[in-house]
Structure formats: structure tokens, C-alpha cells
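One structure is given here, and the rest of the page talks about it.
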Amino acid sequence: MLKFISVILLLFNMILPGRNPDGKKVYLIPIGDEVDPELVRELRLNLEEEFHQPFVIGSVIGLPSGAYVPTRRQYYSPAILSLLKRKFPKDASRVLGIVNHDLWVPGLNFIFGEADPEAKVAVISLIRLRQEFYHLPPDPELFFLRALKEAVHELGHTYGLPHCSDPNCVMHFSNSIADTDRKSAHFCPRCRRLLEEAIEREKER
């Protein structure tokens, strides 16, 4: 009887939309000791709801040596993505790193985050999401919402989603914090369809 129930539960979990039948999870990995654990826990809960995928919090890892550029006072984002590729857990479907430092890539003064869709790794920076960065009073709720939007956005790229022309869609490109504030934390219907198709393709492999 117990064996029969176990089989039924297994089949039920496999047909739930968006679940990973192979047991793989999306990892949230804090990079550096400055990332607030409570923020990461709240992100995990919200991201599971948005992606319908299992999320887990990985162990804190250190910032890669040589990534900091003193002349810019910023960290080179591709170096962090390379670190995440090397630290990619065996049971991970993709990895999102979270840093509390400013990031940049060539051609841009700064970035809120970056993704490598092929490697299924991404990173977001929290530093410019705080009101204090703009010499304004702290706003914890706004800060969390911004972090959630950037996390959803970069993870969306790891599923192959491009930038979206809809300014309300979470996949819209943020050139400034005003763009991040303008858009929602959710996918527009088109991007949601693309996401679900990508998840289905992964389940069939």
C-alpha cells in the first residue's frame, strides 16, 4: 500500500506544471559575507512562486580574486559568472549569484545584473537597488521589490528569454533604476509563454 501511494505521489509531482522530474533545483548563491541571509530567504520563496521551480540556497562563496578593478571601484561581472560556472552544483538546473558590490561590463558604466544563458548562470548586484545609493532614506520594501525584479529578469535570461519591448514586463531592459521601478516583477503573457515552453523543453531532455 505504501509503495502504491509513493508511486501516485511521484506521478502527481511529475505532472505539476514547471516541476523538475529529474530533481534538479535552482540555486541562489550569496557571494561575499555582505549579502543579507533574510533577503535571500525571501527571494527564494518569491522566485519559487514565479517560476514554479524548486529553489535552494547554496553556501556563501567568496568573491573571485582579481575581479575587483580599483580604478573603477567595481567588480568585473564576467569574472563572477566564471566563478559560478566552476562552482555549479551537480544537482543544479541553474545558478543565480547575489553580490552586494557594484558590477560592470565593457561598454556600460554599471549593470544591475548579467546572465550567461548557455552556462545557465547569472548574477545580480544589490548595491544600486538601495535608496541610500541615491542619497535617499532607506525603503526596505522597495529595495526587496527591486531585488526580486532583477533576480527574475536575470533568471529569465538563463531560460533563453530575450529583452522584452513591453516596459511593464520584468524582461524589459533596465537602463536606470527608474526603468526597474516602472516594470513589474512578472512576465508579460508572451514572455510567460516563452518561459513555460523553455521549461517544457528541459523536462523532455
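Any read-out appearing in this document is the output of simple, stated calculations on the displayed coordinates, not a laboratory observation. Note that the structure is a prediction, hence the values are computed from the model and not measured. Glycine gets a Cβ as well: all are built from the backbone with ideal geometry, and neighbour counts include every protein chain shown.
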Quiz item: Under a point spin-label approximation (7 Å from Cα along Cα-to-Cβ), what is the Arg41-Val105 distance to one decimal in nm?
Solution: 3.3
Quiz item: Roughly how many nanometres apart are two label points built 7 Å out from the Cα toward the Cβ at Arg193 and Arg205?
Solution: 2.4
Quiz item: Under 5 Å between amide H atoms, partner at least 5 residues away or on a different chain: which partners does Phe173 have, H built in plane at 1.01 Å?
Solution: Cys164
Exercise. Arrange the following residues from fewest to most other Cβ atoms within 10 Å of their Cβ: Leu145, Leu45.
Key: Leu45, Leu145
Practice problem: Calculate how steeply helix 140-158 sits against the longest principal axis of the alpha-carbon atoms of the chain, using the helix alpha-carbon long axis, and give the answer as 0 to 90 degrees to the nearest 10. | Solution: 60
Practice problem: Note down the magnitude of the dipole of region 159-205 about its Cα centre, charges +1 on Lys and Arg C-beta and -1 on Asp and Glu C-beta and zero elsewhere, to the nearest 20 debye. | Solution: 40
Quiz item: How much net charge surrounds His157 when only other residues with a Cβ under 14 Å from its Cβ are counted (Lys, Arg +1; Asp, Glu -1)?
Solution: -2
Exercise. Round to a whole angstrom and tell me the spacing of the C-alpha centers of region 89-120 and region 128-205.
Key: 13
Self-check item: Ranked list, fewest to most other Cβ atoms within 10 Å of each Cβ, for Val152, Val105
Solution: Val105, Val152
Quiz prompt | Cα→Cβ-extended label distance, 7 Å offset, between Ala79 and Asp139, nm | solution = 3.3
Exercise. Please get the size of the charge dipole for the chain, origin at its Cα centre, with Cβ charges of +1 on Lys and Arg and -1 on Asp and Glu, quoted in debye to the nearest 20.
Key: 580
Quiz item: Non-local amide H neighbours of His101 (under 5 Å, H modeled in plane, Pro and chain starts lacking H): which ones?
Solution: Leu126, Ile127
Quiz item: Which residue, Ile177, Ile124, Ile80, has the most motion in a Gaussian network model of the chain that connects Cα atoms within less than 10 Å?
Solution: Ile177
Quiz item: For Ala92, which sequence-distant residues (separation of 5 or more, or a different chain) have an amide H within less than 5 Å of its own amide H, given hydrogens modelled in the peptide plane?
Solution: Lys25
Self-check item: Crossing angle, helix 189-204 versus the chain [Cα axis fit, 0-90 degrees, rounded to tens]
Solution: 50
Exercise. Please find, in a Gaussian network model of the chain (springs between Cα atoms separated by less than 10 Å), the residue of His172, His135, His163 whose mean-square fluctuation is greatest.
Key: His135
Quiz prompt | 25 Å Cα-Cα threshold exceeded, pairs from Lys25/Lys183; Lys24/Lys87; Lys120/Lys149; Lys90/Lys183; Lys25/Lys149 | solution = Lys25/Lys183; Lys90/Lys183
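Based on DSSP H runs of at least 4 residues, each adding -39500 (n - 2.57), what is the mean residue ellipticity at 222 nm of the chain after dividing by all its residues, to the nearest 500 deg cm²/dmol?
-12500 deg cm²/dmol
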